[in-house]
Every structure is written in C-alpha cells, then in structure tokens.
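The values are calculated or read from the model by the stated rules, or taken from the named source; none is laboratory data. Just so it is clear, the model here is predicted, and its values are computed rather than measured. Cβ sites come from the backbone with ideal geometry, for glycine too, and all protein chains shown count toward neighbours.
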Amino acid sequence: MPDPDAGRDRYVPVAPDALDTASRALYERLLAERGRVPAPFVPLLATPPVGEAIAQWSAALQAGALPDAVREAVFLRVARRQRCRYLWANHVGRARAAGLPDTVIAALASGAPVAPAHAVAATVADDQTRQALAAVAPALALTTALLETAVVTDAQVDAVQAVLGTRGVVELTSFCGFAVSVALLLTLRQPSLPAGVPVPF
C-alpha cells in the first residue's frame, strides 16, 4: 500500500548548533568519519546512544569479511523486500561500482532469485572481483532464507562458508539485520530520492 506521506521528510537535518551535547558529538563523529551525516543517521541524532551503537556496527561490518559486491547485493535485496525506494536509489550505483552485472541488478529489481550464472560474469578478468561475485548468489540465497522463510538449511550455510568462511556466514547474518534497520529508518524518515536514479518499484 502506498505511503500517503511519501516525499515528506520527517527528520530534516538541523543545524549543529541546535543539537544537544550528545547529539552534537554523534554528528561530529559522523562528519569526521564519513564527511557527512548519512540519511539513516539523521533520525538517530534524536537518540545518540543508539546512533553511536549503529555507527560502530556499521564500521565493524564495513571492515569485515564481506566483499563490497555482497554487501551491495544485500542492500538491494532488502530495498526491494522492504520497498525502500531511497535505499535502492542510494545503492544501485554502488552495486554497479562493486562489479555487480546488470543481470544481477535486474534480478534483484524484480525480486527474482540470482542464479550463479548471473553472478559470475564471464568477462570479469580480475580474480578478486570474480571471487567476490561468486559469493553473491549463495549470500543472497542465505539472505532470502533468513528474511523470508526463517528456515536456514545446512546447504545454504555451507555454500556461503565455502566462499566466505565461518566469519563471513556470521557477518552476513548480522549485515542482513543492519540492512533491514537502515531500510526501516529510511522508511520512517522519507528523505527525498536522489535525482535521476530510477527505482523499479
């Protein structure tokens, strides 16, 4: 069901001088680390302890075992599942930059499964990029199991572990929760969409 308030930003960024001490500290940390306050963190300025915890969670996952291609694929899968248009618009370009082929992005846009043949493009010459793309399909299969069916099989876990290791399986599970949290915060906030980026839902 369409949101009748879509397009109305509920948490417009405020001037730093208008923030209390704890919120200002979070604002300055984000600005120092990221050069800006990312869209989902704007509402979190209202609850600095939670914002700090989520910032640490984000940083740990960013520095972890998951390739960029896997993280971006999960963001797009979650954006489609949650119908979070801003999340899709903000990450589809990053997904392409991480090496996701158009066939994978098209499957994610439609909500279709991503077959291994889609995930590993024959034209990819770089070994590191090829390995990262090889992890996308099993990672998305586990993501779908975690978020859609809540039934995870040994085969799904083993497939991810074969390409990302035990650490990767656990970080992927945590990243699914992180991506959903980001989508929910963006859905609550309703920021304006980036200009010129089509959203397929």
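Would you call residue 150 loosely packed, with under 14 Cβ neighbours inside 10 Å and on the phi > 0 side of the Ramachandran plot?
Numbers: loosely packed, with under 14 Cβ neighbours inside 10 Å: yes; on the phi > 0 side of the Ramachandran plot: yes.
Yes.
Give me the helices (runs of 4 or more DSSP H) completely within segment 105-201, filtered to those with at least 1 residues that are in contact with a Cys (Cβ under 9 Å, 6 or more places away or on another chain), without any contact (Cβ under 8 Å) to a residue 24 or more places away in the chain and outside the structural domain of residue 90 (by TED's automatic domain parsing), ordered by residue number. Reasoning before the result, please.
Working: elements: 116-119, 127-134, 136-144, 154-189.
Qualifying helices (runs of 4 or more DSSP H): none found.
Residue pairs whose Cβ atoms lie under 7 Å apart, separated by 6 or more positions or on different chains, with the first residue in segment 36-64 and more than 14 Å from residue 177 (Cβ to Cβ) and the second among the basic types (Lys, Arg) and part of a helix (DSSP H, G or I), are 39/189; 42/189; 43/189; 55/29. Tell me, which residue of segment 53-75 that is touching a helix residue (DSSP H, G or I) at 6+ places or on another chain (Cβ under 9 Å) and of a type in the set (S, T, N, Q) is surrounded by the most Cβ atoms within 10 Å (Cβ to Cβ)? So, considering only residues that are touching a helix residue (DSSP H, G or I) at 6+ places or on another chain (Cβ under 9 Å) and of a type in the set (S, T, N, Q), the one surrounded by the most Cβ atoms within 10 Å (Cβ to Cβ) is 58.
Taking segment 148-183 as the range and being farther than 25 Å from residue 67 by Cβ and of a type outside the set (Val, Ile, Thr) as the test, only 150 passes.
Checking each residue in segment 9-52 for being among the charged types (D, E, K, R) and surrounded by fewer than 12 Cβ atoms within 10 Å (Cβ to Cβ) picks out 10, 17, 20, 33, 36.
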